[in-house]
Amino acid sequence: MHDERKTRSAASLFLVLLFASALVVFAGGRSEELKSRGLMTDSLPSTSEKKNIDEYVALLRENVRQQSAQITGAVMQLGPEESEKFWPIYDEYQRALIKLNNSRIRNLGNYVSDFGQLTDERADQLIKEELSLRKQRDELLAQSYERVKQSLGALTAARFLLIESQLQLITDLQLDSRLPTGG
């Protein structure tokens, strides 16, 4: 019963984080509707609005980072022996993932800051870097899956991969919500 409650609690937390991330993404694409309802005054956010959005996205990102181990632990439901094998692999994976995500943030930040004067060549360079970083992230997840599978079996490794895939979707929503889409 206690494990079931922990799993439900982690799942609820995960859904709240997913919902909060989705709000950032969907609000960004609905500026005209928000403007017509008096919730947004200009088509371009003011400096203070942009700062608030940036801080909100940073907070969401930090919350996902802080909560990912808690969510993973609750959903994985590992015993003491399994935990001894799993958590060192997970911690190494997280350290490498944080480095990749920080590189993505810098790269996408360059895209955002250069957006008004992007050339085809610069846009191509930045997007190819994003694709390379995503590929590295996928390779990191595949390597970590194999390590968990070798230590704990395919079922446990599959749970790990599926949880991480969902957490990565949240991270992608957060990062992509900051990207300009207009021309």
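The values are calculated or read from the model by the stated rules, or taken from the named source; none is laboratory data. Values in this document were obtained by computation on a predicted structure and should not be read as measured data. Ideal geometry is used to build each Cβ from the backbone, glycine not excepted, and the neighbour counts take in all protein chains shown.
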- Message: Looking for something surrounded by 13 or more Cβ atoms within 10 Å (Cβ to Cβ) and among the acidic types (Asp, Glu) - is there at least one such residue anywhere in the stretch 113-125?
- Response: yes
- Task: Only one of these is buried (at least 17 other Cβ atoms within 10 Å of the Cβ) and either under 19 Å from the mean Cα position of the chain (by Cα) or not in a helix (DSSP H, G or I) (or both): Gln136, Gln168. Name it.
- Result: Gln168
- Which residues, taken from the stretch 140-162, are closer than 22 Å to Asn101 by Cβ and either of a type in the set (Val, Ile, Thr) or touching a Gly at 6+ places or on another chain (Cβ under 8 Å) (or both)? Val148
- Message: Considering only residues that are surrounded by 13 or more Cβ atoms within 10 Å (Cβ to Cβ) and of a type outside the set (Lys, Arg), which ones fall in the stretch 155-165?
- Response: Thr156, Ala157, Ala158, Phe160, Leu161, Ile163, Glu164
- How many residues are closer than 20 Å to Ala158 by Cβ, in contact (Cβ under 8 Å) with a residue 24 or more places away in the chain, in a helix (DSSP H, G or I) and over 18 Å from the mean Cα position of the chain (by Cα) when one looks only at the stretch 76-128? 5
- Going by the conditions given, is Ala123 of a type outside the set (Phe, Trp, Tyr), at pLDDT 95 or above and farther than 15 Å from Ala69 by Cα? no
